[in-house]
Structure formats: structure tokens, C-alpha cells
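Presented below is the structure to which this report refers.
The values are calculated or read from the model by the stated rules, or taken from the named source; none is laboratory data. These figures come from a predicted structure and were not determined experimentally. So basically every Cβ, Gly included, is an ideal-geometry build from the backbone, and we count neighbours across all protein chains shown.
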Amino acid sequence: MIDKLRTLVLRNGGFSAALAMFLVFFISYQMLHPRGFSTAVFIQNANESVAIGFVAIAQTIPVLLGGLDLSVGAVMTLANTIASHLVTGTPLQMVLGMIATLLIGSAFGLMNGLIVVYGRIQPIIATLATGAIAIGLALLIRPSPGGEIDPDLNWALTNAVFDMAETFGFADNGNAAWLQPIANIPVPLIIILVVGVGVWLPFKRTVTGRTIYAIGSSEGAAYMSGLPVARAKIAAFTMAGFFASCGGLYLAIQTSSGNADISQAGAYTLNSIAAVVLGGTSLLGGIGGAIGSLIGAGILRVISFYFRILSIDPLLQPLIEGLVLLGAVSLGALRTFRVKNMMELFR
Amino acid sequence: MTLINRIGPQNRPIAIAIGFTFAIILVGTAYTLATQGTMPMLQPNYLLQQLQIGSFLGICAAGMMVVILMGHIDLSVPWTLTAAAMMATTVGGPWAIPAGLAVGLLVGVVNGLGVSYLRIPSMIFTLGVDSVLRGLMVAHTGGFAPQTEATPLMRFLAADRILGLPVAIFVWAAVSILITVMLTRTGFGKSIYATGAKEGAAYLSGIRTRRVVIGAFVTSSLCAATAGVLLAGYSAKAYQGMGGPFLLPAIAAVVLGGTHILGGRGRYLGTLVGVILIVFLNSVLSIMQMSEAYRQIIYGVVIIVMLLIYGREGQRRQ
Amino acid sequence: MTETNGLVQLRGVSRYFGGITALKDVDFSCHPGSVHGILGENGAGKSTLIKILSGVLEASEGRMSVDGNDVAYRTPSQATKDGIVCIFQELSLTPDLSVADNIFIDNPPRWMGMIDRRAQRRMAIDVLARIKCADVDPDTLVRDLSLSRRQMVEIAKAISKNPRVLILDEATSALTSRDVQTVYGLLNKLRDDGVSCLFISHRMQEVEALCDRLSVFRNGQHIRTFTKGELSESEIVKLMIGRDITAHYPPKPTAPHVDHDAGAPALKITNLTWENRLKGVDLDVGAGEIVGLGGLDGQGHKELLLALFGVLKGVQGQVELNGQPFRPLSPAACKKASIALVPEDRKTEGLMLQLSIADNILLPNYPGVSRGPLVDPARAADVVQRAITKLQIKTSDPGIAVETLSGGNQQKVVIAKWLMLDPDVILLNDPTRGIDVGTKQEIYRLMRDLANAGKAILFYSTDYAELIGCCDRVSVMYDGAVVRDLSGETLTEEAIVSASLNIHAGDAA
């Protein structure tokens, strides 16, 4: 048993390290917090982590292919502006609006995939360009920040399960006994776990999902083995579009508005890459997974939470964030000094 | 067709990009003729002014190209540029420019060490370095616009004219010549191509590939620092976020110039043409008073369409 | 020449790449229940043939039929559906996935659309047992396996598809001799089961031992098909190269002109150890001598050559060059000390495939052709020209990409770039692997010329005949150390084989 765990930890070294790092950061954050652990703070933290979490999952899938999607932040922003128009009105209209938002985001990802596969353009460059297009569309849809998201929806999805039950009036307005064990869990946490894990894990187990790993590991071998390479690539970018638009949709609900902010989109894209790497996914492809990226995003978020509770000059935030990122990846890189055969470094 | 065949595969993107640049200028001129009855884009003074502004991007792109040839990327360009500008204006006096370039040298060495010795993907390492530089500069200025000013020499290099030509263009030309000679006429330049094409094979050929990687990142950071010093001279001061608008256009210019994003292939002339293309595209869009939204869309579409054309050419060759 | 009852039948098939004809008007068929060997030099069209058969390439002209029905495959998976499965020379495994994942990569057992990992594992164990590889854990990542084991996984993957036509392209070149025997047994069994096996190999003995039908290709054309025993070995070689070959190996100097007592040897290795792969290697190579490294695969030869070229870190022991102590710290340092290495894999370690021939040749030579930091174009062109002439590299233009050359010419480029430095010690790691007979002979002659010019050559080869034909002495390695030195009369195939297994010649006899 111990042996099995040991191999599991060793084989998923990056993931295990990320998990350990996250737990250390998170627990010490909770201990340092002046008010200790509280549901309110936990909910707030969860709320602020959903968008980056989704974008990190989105980024993971093209990275597993051995590519990059530089448009995830922009697609998230595009979805954010679309949602700010559509997620309003009757409950049915809101649901349709959400579906439309996610469909448009996925369609944008599909377009990325088609350009990469049939246009034979390197993903990093293709998505750099389509990212500009997405931002342009977002600016057209919402030239200045604003929007009308249903306030009940906002309240229900950004608080604890209890508040959601109360808002929508199920489970005796949240007082039913069966709800109590989960009543204090933040809804945003449930959303990202259900959507992220619920979509990712089954997808990873399909032939298309495994083909993504195979392509990242060795594209020539994947082709020679008769795997559906083109389909898997297109699927990967479509999934990226889907998850990015999930992030945008949640951001719209959370902030009750849409905002086509170019620099925010860029920051989300870059942070998503950082989260993916922190989560143990190799930028060369083939190794890693979305759960790790979710943890990576969590690490990035917890770092920023520290600035609220410690009296550090907020001006130092980018410095500390940068140093933590460099420190984390450098620690992971220390194994290069143990490599005895230099040729192994070049593979 | 025969002409295109004679141009050779490496130069084909360059030829297409030159053609496209002329097309852009023609479209812009047609637009101004139709709306105002003038054609400012064809006036030498206007062209020179655009190139003067373009020289900052051109110098950034020159450095970026060297890194991309290695199959790496330098995302620390924005704040290397800004940090160099801020240090130059802070130090002031005769040491202003050396101080700015020293920042570039230092950043390049750090990037190079991280990528070559720690073997951290450049995408992530330079991103971290960029963030650290931003933090350092924000802490340095206290979050306010710096009060220091560019020295007269910096202003001369960026904003003055010699023989009617902007000095900045001469600086750009000098950087271009240096990079071209380095890439085509030195063992170091050839080692960059070789390392970018297959690092393991270059290593086994007795190339000190780590030094080559460091050299390439130093080149990139020095170029970014030079651009920063010039831009501070042009604006008479350094400011937060002055480097931000250069990163993606620099990468786009390199790629539109035919350099392969995975390394090993590309010519400097292509990067030069790529920069000119982007500069004129920007100026036509501002003449047309395009909103930011349409600019972004057109920008993205142009890159995709151009690369699709290159790709089609490539397929036909096979 | 027309055969009608083939399982797979090609008629008038040609394939062009741009202006180059890789396959020209080929008629070919393969029959159930046979092992069919395909012979030919590099560039003869063997690879193109099997790529067309297995759906990797489409024919430019001609027809292909399976069971009498015309087919036109566009992807390998279409060929697999018809039961045509190919084991490629370039491994088609994905290193980051497990052995079980790789075996069933394109058609795993599924449950509700998702891969059933347990069933897959069970099936993998069955298939591995069939090829006597029960020691391979199906959960191991392929990257953690040795090259030989990977090749066996590759074979397991092909077998799991229950092929009717199984194509093996140099599939045994990376195998240990035990696995080679297993594969022989497997092929014989498949033949008895009615499977049609196509077997491509450069090792003549292997082809002779295994195949019942042979086809010879030359210059993209199908020259002749015959049953085993119909032609002698030399007649077959003649068909392959289209001309007589007088002598296989250049003559060795009759009396060894290396005086081992006078002065220190060019290269002297004492007690070299590294990790658990090299366990105290003692070896010396005199100037003017070709010393072979023999032994089974994986006994530390490759590590020894890499250690001497500064690629390995933490190497213990002494290396002396002409009596002077030397520490190989990096390939760059070794280059300065006049050591050269022709690495194992020319495509990933020897060449920058997309760069030009000239750029590849010049890469280690820039210090020599530069004035200050600037390259002197005239001197550079001179070096390239001399290299091309010296090694008879067949090209019209040194500016074209090296990937357009044939395998043999690519290998010549690798050798050429080092020879232009005029190194004193030359390390060769299996330089003739996958190279045609003609080029092999040129390389043998070149090695002898270099030795006669006073160079010290350390030569690793998997081909015993080559070691015996080329080398003045052969040091046989076993488990990370040299167990025997053979030379002159004692240098025989039997002696190498028994030393490889670390049994004394007396015991073997």
C-alpha cells in the first residue's frame, strides 16, 4: 500500500509537489488570518478563484498537446461580455443565455482548432491572433463596462449552498436537515469542481482524451499508431474554448457585469500558463492534467490573498508573485543538476 | 509563378510581406484620397515619421527574433524595456544610457541562466522575470509616474534628425546591421540556428549550447533596453507600462517575417519587413480612425491570413 | 512476373516526391503463410513500399488490392482495418503513456465510451506473455523501458491487432539476442498460422535464417523475387548493388605498425566507472589502430563513448591522451583536445536535419574558418568543398537541407564535419547502422585510411562480421567492463560471441 502510494507520488511528482505547496500556503494563510477560518472569507476566496481556475483548466488541454492557447484570456473576456447581455430575464432565458455563452466560447475554441489543424499554423501564433480577434469582438459587444445580471442569480452562485437554497427556495429554504452537512460549502467551489472535474476526468478516459496525451508525448508515434490526431487537436482547442467561457460566464455572474479589459485578458492568459506549470503539467506536452492546474491556480490565488492579511506593501505584489513563480519552477528544475547523462536534457 | 519559384522558400514569406505592405499603403492612400482628397501616406515626411516610431518596435523585434530562432521566447521584453528606461532616467547624466543597457545585460544573463542551466521553459521563466521586474520598478517609483527626465543625448537619439532623417532610424539601422552580421557571418550566429534546430546535436558538435542560449537572451534584453532608452528619450521620460504595447507586435513581426516559431529557420530581413508591415498597418488603421475593437480584429485577421498564405505556399512546394 | 493469388497485390505502383522517383512501376505481392524478406540498399525503395502498404503514404500511380479488392489507403488505420500492420523502424510508441496504454492505443477496450483500464491491463498481460515479455509491467511508462524492451512492446502492439499481414521494418535492430530469438520463434508461429510476414533487415544472416521468399529492390525498382536457397549470398549482394564487390573489407596492415612499448597510446583509459553502467573499464587505443568494441547490446559501450566525449557527469577513473591526463568535461572540451564522436542516432544527435549540408559540416569548424568573430566565406566554402569531395557526398548543392539526403549520405555528413577538424582520436558509435552496403564499404575504407594516417579509432558496432573485418583488435564488453581483448588469430566470431556471454573460449569450444 505504502509502496503503491510511493510510486504514485513519484510518478506524479509535479502534481504532488503542487498539492503540498498549495496546502502549506493555504493552511498557513488560514492560520495567519486575523479572524481565523471563516465561511465568509472562504466563500470570498472561492469566488475569486473560479475564473482563473477555469482558465487554467482551459489552458491545460492545449498544453498537453504540446501547444499553447494564448487566446484563453481573450475568450474568457468575450464570454464575459456576451453573458453580461444574455444572462438576464426569466429563469429560462437566463439558462438559455448561459448555454449560448458557453456555445459561443466553444465555437471560438473550435475555430482555433480548425485553424491549427487545417491551416497548419503553430498554436501559439494562431491563438495570439485569434485572441486579438476575440478581444476586438468583446470590445464591440461591450465598449464600456456594464451589464445586467440577475441579482438573485449573482447572490445564489457566489455564496454558500445555504444561501443558494434560500434564494431559490428549495430544501426548506436551506433549512432541511439533509442539506446541513454541505450548507456552508461555497457554491463557486462546487461549480468548479463539478464542471471542471466532472467534464475533465471522463474526457481524459476517452480515446480522444488519450490521443491528446499521445500527441503531446510523440506526435509522430500518435499518427503512426492510427490515432485520430486531427480530431483530438480540434477537440482540445474546443474544450479550451469551453472552459475559458465557463470562466467568463462565472466572472460575469460574480461581478454582475461584463468588461472588455485587454490587460485583464492578457493577465489571465499569462496566469493560466503559470498555473498550468505550477500544477505539474509539462509545457512540452504529454504529462500532467487539469486537476493539477486547478491547484496551480489555487497557489497563485492564495499568494495574492496574503497581501490582504499581512501588512505588506501592495506595491510589492508583482515582485513577490514573480519570485514565488520563479522559485517554484526553479525548485522543480533542480533535478536537472542530478542528470548524469547530458543528452537526457535535450529530449 | 516562375518569379515566386525563383525567390526560394526561405524568402517567400518576405516577398509576400513586402507585397502586403505596399497593399496596405495603397489602401490607406485610396482611403485618404476618397475622404480628404489628400495622400499623406505617400509623403516622405510622413513615412519617415512612421519609421521613427517603428524603430522602437523594430529594435525589440530584432532581439526577439534571435530568441525565437533558438526555439525560445522572451516575455520579459515589456518590463526590461521599462526598467531600462527608468534606470536610465534615474541615473541621468553621461551614465544614463550605460545604466539602461546594464539593466538589459543583467536581465538577459538571468533569463539565459534560467533557461539554459535550470532548463525552465523560457515561456515561464521570462514571464516570472517580467513580473519581478515589474515589482521592482513599481517599488522603485512607489507606484507613481517617475519624476526623472531623459538626458539630452537620449532625446537626440530618439527625437532629433540628422540630414533630415530621424536619428532613431539610424540607431535601428545600426542594430539591424549588427544582428544581420551576427546571424550570417559569425560562428555564434550559426550556433544559434544550430541550437534552435536541434540542441542535442549542436551540443554533440562541440557547441557550448548553454552559452549560446545565454548570448541569445542577452541580445534580446539588450535590444529591449535600447528600445527603452530610446522611447524614454522620445517621450522625454519613462513611464509605467511603456513596454506593454511592444511584446505581441514584436512576436508577430518576427513570425510574419517568416521566422519559424519553433526555431532554427528565419532571416533578419524578414523581421525587418514584418516590423514595417505592422507599423504601416497601425498607421493606416489610425488614419481611418478605427476603434480599438476593429483594430484588434483586423490585427488578428491579418496575422492569420498571412500565415495561411505562407502555409499554402509551403504545401505546394511539397 | 505477374502473380495472381497474393493476399496483397501491387500492380504498376509508383511514388514520386517532387521530382524524385522513390518507387517505379512496382509489381509485388505477398502470400499467406510466408516470411518474405525484402532486401535492398538505402534508397532502394523498401521504406516507400512498406509505407504504401501500410497506409502512411499514397501511391502516385498504380493499383493496390487486398483479397482481390482494390484499395486506396489514406491513413494507417485504414490499412489496420484490413489486417495490415506495420512495425516501423522509428518507434511508434508514446513515451509518456504506459505499456498497456501503448499496446491498445488506437482500439482500447471501452465501457460507456471510456477506456476500461482494468480490461486493458489484463489484455496487455496476455499479449506480453505471448511474446515472452511477462517481465514487463503493463503499468510502466514506456519512457522507463530500455530500447530493446520498447521494441518488444512495439511488437506486442502489432500482434494485439491480430494482423493478416505483419510488416517488420528493421524491427530487430535494437533487440537483444534473447529477444531476437523470441521474435524468430514468433514469426515462425505466425507463418504456421497463415500470417503473411514482410521482413526488412540489413542483416543478411537474419534474412537468410528466417525468410522463405526474398525480394530484391534497387533504385526504386523491384528487381527479382525468389525462394530461399535459389541464389547464393554473393549473387544476392550483386543483385542489391547492381555490381560485383571484390572485397568486403579493406586490407589490414599485415604487421601491426603500432609499437605498444614505444611511448604512450593515443588514448588510454584506466578504471573508468560511471553510475552502475561502467564498472572499471580499462582500454587503450594506439595511434594508427582501429579498436573495436564488441559485446551484447546494453553492456556499457554507448556509455563508454559518451563518457569519453564529456557527455556524462560524475565519471570516475583516468583518461590519458598521449600520456597526458585528460578530463572529458564537455564535448566542447573534447573537441579542443582533438577527440571526435560520431553519435549513435544521426537524425537526432548527429545532424540538424533542416539546416543545409554546408551548415552542418561547418558547425564544429567555425573557430577554424573565422578571422576574429567573423567567418571567412572563402575558407568556409573551401572546408565544405573538401569535406564533400573527401567523403564523396552525393549532392549537387551544399546549400540544400541535409534531410533531403539518403541515410548513407547523411551519415557521411556527420563523419565529414568531424574529419575537417583532423581529430586524433575518433569515437564511432555504430556508424553503419541502417546504411546500404556500398556506403558501408566506403566507411570501412575511410576508417582504414584514417588509421594509416595515424589516427586512433574506437569503433562500436553491433555487427560482429564488421568488427572482425575492420578492427586490429576487439575489446569485448560485458556488464560495464572489458572482459576480453581479441586480435589476430584469436579474433573470430566464435571468440566474440563467447566473450560477449562472458564464457571462456575454452568452455565454449
>> Being among the aliphatic types (A, V, I, L, M) and over 15 Å from residue C:206 (Cα atoms) is true for just one of C:156, C:171. Which residue is that?
In response: C:156
> Among B:181, B:171, B:132, B:175, which is away from chain A (no Cβ under 14 Å), without any contact (Cβ under 8 Å) to a residue 12 or more places away in the chain and part of a helix (DSSP H, G or I)?
Replying inline: B:181
>> Test of understanding: among C:196, C:234, which residue is in the same structural domain as residue C:153 (by TED's automatic domain parsing), modelled with pLDDT under 80 and among the hydroxyl-bearing types (Ser, Thr, Tyr)?
In response: C:234
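Could you check how many residues of the range C:71-89 are out of contact with any Pro (no Cβ under 6 Å at 6 or more places or on another chain) and either more than 7 Å from every other protein chain (Cβ to nearest Cβ) or modelled with pLDDT of 85 or more (or both)?
13
A quick yes/no check of all residues on (1) among the hydroxyl-bearing types (Ser, Thr, Tyr); (2) touching a residue at least 24 places away in the same chain (Cβ under 8 Å); (3) farther than 27 Å from residue C:331 by Cβ:
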{"residue": "B:192", "(1), (2), (3)": "no, yes, no"}
{"residue": "B:195", "(1), (2), (3)": "yes, yes, no"}
{"residue": "B:203", "(1), (2), (3)": "yes, no, no"}
{"residue": "B:206", "(1), (2), (3)": "no, no, no"}
{"residue": "B:209", "(1), (2), (3)": "yes, yes, no"}
{"residue": "B:217", "(1), (2), (3)": "no, yes, no"}
{"residue": "B:220", "(1), (2), (3)": "yes, yes, no"}
{"residue": "B:228", "(1), (2), (3)": "no, yes, yes"}
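So, residue B:217, is that one touching an Asp or Glu at 6+ places or on another chain (Cβ under 7 Å) and buried (at least 21 other Cβ atoms within 10 Å of the Cβ) or not? Before the answer, list the steps.
On the way: touching an Asp or Glu at 6+ places or on another chain (Cβ under 7 Å): yes; buried (at least 21 other Cβ atoms within 10 Å of the Cβ): yes.
In short, yes.
Going through B:238, B:293 one at a time, which residue ends up being over 24 Å from residue B:116 (Cα atoms) and within 12 Å of another protein chain (Cβ to nearest Cβ)? Quick ask: steps written out before the conclusion?
Values: B:238 fails: within 12 Å of another protein chain (Cβ to nearest Cβ).
It is B:293.
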> All but one of (1) under 14 Å from the mean Cα position of the chain (by Cα); (2) within 14 Å of chain A (Cβ to nearest Cβ); (3) surrounded by fewer than 21 Cβ atoms within 10 Å (Cβ to Cβ); (4) not small (Gly, Ala, Ser) hold for residue B:269; which doesn't?
Replying inline: (2)
> Hey, any hits in the range C:448-461 for a residue that's over 23 Å from residue C:322 (Cβ atoms) and in contact (Cβ under 8 Å) with a residue 12 or more places away in the chain?
Replying inline: yes
> Of the residues that make up the range B:228-242, is at least one surrounded by fewer than 23 Cβ atoms within 10 Å (Cβ to Cβ) and of a type in the set (A, V, I, L, M, F, W, C)?
Replying inline: yes
>> Can you pull out every residue in the range C:312-337 that is under 22 Å from residue B:203 (Cα atoms), surrounded by fewer than 19 Cβ atoms within 10 Å (Cβ to Cβ) and of a type in the set (D, E, K, R)?
In response: C:313, C:327, C:336
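Residue check: is residue B:249 at pLDDT below 90 and not in a loop (DSSP other than H, G, I, E, B)?
Details: at pLDDT below 90: no; not in a loop (DSSP other than H, G, I, E, B): yes.
Judged against the criteria, residue B:249 is not a match.
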>> Suppose we keep only residues that are out of contact with any helix residue (DSSP H, G or I) (no Cβ under 9 Å at 6 or more places or on another chain) and farther than 26 Å from residue B:208 by Cα within the range C:363-403. Which one would you say is modelled with the lowest pLDDT?
In response: C:396
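Determine whether the range A:174-196 contains at least one residue that is outside any helix (DSSP H, G or I), buried (at least 18 other Cβ atoms within 10 Å of the Cβ) and without any contact (Cβ under 8 Å) to a residue 24 or more places away in the chain. Talk me through it step by step, then tell me what you get.
Of all residues in the range A:174-196, those outside any helix (DSSP H, G or I) come to A:175-176, A:183-186.
Remaining after also requiring buried (at least 18 other Cβ atoms within 10 Å of the Cβ): A:183, A:186.
Going one step further and asking which of them are without any contact (Cβ under 8 Å) to a residue 24 or more places away in the chain, we end up with A:183.
So far as the range A:174-196 goes, yes, one or more of its residues are outside any helix (DSSP H, G or I), buried (at least 18 other Cβ atoms within 10 Å of the Cβ) and without any contact (Cβ under 8 Å) to a residue 24 or more places away in the chain.
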>> I'd like to verify a number: residues in the range C:42-55 that are assigned to a loop (DSSP other than H, G, I, E, B) and modelled with pLDDT of 85 or more, how many?
In response: 2
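Scan A:278, A:334, A:283, A:300 and give me the residue that is within 12 Å of chain B (Cβ to nearest Cβ), free of Cβ contacts under 8 Å to residues at least 60 places away in the same chain and either out of contact with any strand residue (DSSP E or B) (no Cβ under 8 Å at 6 or more places or on another chain) or surrounded by 17 or more Cβ atoms within 10 Å (Cβ to Cβ) (or both).
On the way: A:278 fails: free of Cβ contacts under 8 Å to residues at least 60 places away in the same chain; A:283 fails: free of Cβ contacts under 8 Å to residues at least 60 places away in the same chain; A:300 fails: free of Cβ contacts under 8 Å to residues at least 60 places away in the same chain.
Every option except A:334 fails the conditions.
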>> Testing residue B:303 on (1) in contact (Cβ under 8 Å) with a residue 40 or more places away in the chain; (2) closer than 17 Å to residue B:14 by Cβ; (3) more than 7 Å from every other protein chain (Cβ to nearest Cβ), one condition comes back false. Which one is that?
In response: (3)
> Out of the range B:58-93, which residues are outside any helix (DSSP H, G or I) and within 14 Å of another protein chain (Cβ to nearest Cβ)?
Replying inline: B:70, B:71, B:72, B:73, B:74, B:75, B:76
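Would you mind finding the one in A:311, A:282 that is within 13 Å of residue B:124 (Cα to Cα) and in a loop (DSSP other than H, G, I, E, B)? Outline the logic, then answer.
Details: A:311 fails: within 13 Å of residue B:124 (Cα to Cα).
That would be A:282, the only listed residue that is within 13 Å of residue B:124 (Cα to Cα) and in a loop (DSSP other than H, G, I, E, B).
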> Is it the case that the range C:465-478 has a residue that's surrounded by fewer than 16 Cβ atoms within 10 Å (Cβ to Cβ), of a type in the set (A, V, I, L, M, F, W, C), without any contact (Cβ under 8 Å) to a residue 12 or more places away in the chain and out of contact with any Phe, Trp or Tyr (no Cβ under 7 Å at 6 or more places or on another chain)?
Replying inline: no
> From C:361, C:415, C:339, which residue is under 23 Å from residue C:455 (Cα atoms), within 12 Å of chain B (Cβ to nearest Cβ) and out of contact with any Phe, Trp or Tyr (no Cβ under 9 Å at 6 or more places or on another chain)?
Replying inline: C:361
> Among B:221, B:176, which is the only one that is in contact with a Phe, Trp or Tyr (Cβ under 9 Å, 6 or more places away or on another chain), at pLDDT 95 or above and small (Gly, Ala, Ser)?
Replying inline: B:176
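Which residue, of C:56, C:85, C:35, C:66, is surrounded by fewer than 22 Cβ atoms within 10 Å (Cβ to Cβ) and within 24 Å of the chain's Cα centre (by Cα)? Reasoning before the result, please.
Values: C:85 fails: surrounded by fewer than 22 Cβ atoms within 10 Å (Cβ to Cβ); C:35 fails: surrounded by fewer than 22 Cβ atoms within 10 Å (Cβ to Cβ); C:66 fails: within 24 Å of the chain's Cα centre (by Cα).
Criteria check complete, one pass: C:56.
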>> Between C:412, C:394, C:417, which is surrounded by fewer than 22 Cβ atoms within 10 Å (Cβ to Cβ) and more than 18 Å from residue C:291 (Cα to Cα)?
In response: C:394
> Which one of these does residue A:163 not meet: (1) more than 20 Å from the chain's Cα centre (by Cα); (2) within 14 Å of chain B (Cβ to nearest Cβ); (3) not aromatic (Phe, Trp, Tyr)?
Replying inline: (2)
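Can you confirm whether the range C:98-110 contains a residue that is more than 12 Å from every other protein chain (Cβ to nearest Cβ), surrounded by 16 or more Cβ atoms within 10 Å (Cβ to Cβ) and under 30 Å from residue C:143 (Cα atoms)? Full working, then the answer.
Taking the range C:98-110 and keeping what is more than 12 Å from every other protein chain (Cβ to nearest Cβ), we get C:99.
Narrowing further to those that are surrounded by 16 or more Cβ atoms within 10 Å (Cβ to Cβ): C:99.
Okay, now just the ones that are also under 30 Å from residue C:143 (Cα atoms), so C:99.
Within the range C:98-110, one or more residues are more than 12 Å from every other protein chain (Cβ to nearest Cβ), surrounded by 16 or more Cβ atoms within 10 Å (Cβ to Cβ) and under 30 Å from residue C:143 (Cα atoms).
Filter the range A:211-222 down to residues that are part of a helix (DSSP H, G or I) and in contact (Cβ under 8 Å) with a residue 12 or more places away in the chain and give me whichever is surrounded by the most Cβ atoms within 10 Å (Cβ to Cβ). Steps first, answer last, please.
Kept after step one, since they are part of a helix (DSSP H, G or I), are these residues of the range A:211-222: A:211-217, A:219-222.
Pick out the ones that are also in contact (Cβ under 8 Å) with a residue 12 or more places away in the chain and you get A:211-217, A:219.
Working: A:211: 25, A:212: 29, A:213: 22, A:214: 31, A:215: 26, A:216: 29, A:217: 27, A:219: 18.
So, considering only residues that are part of a helix (DSSP H, G or I) and in contact (Cβ under 8 Å) with a residue 12 or more places away in the chain, the one surrounded by the most Cβ atoms within 10 Å (Cβ to Cβ) is A:214.
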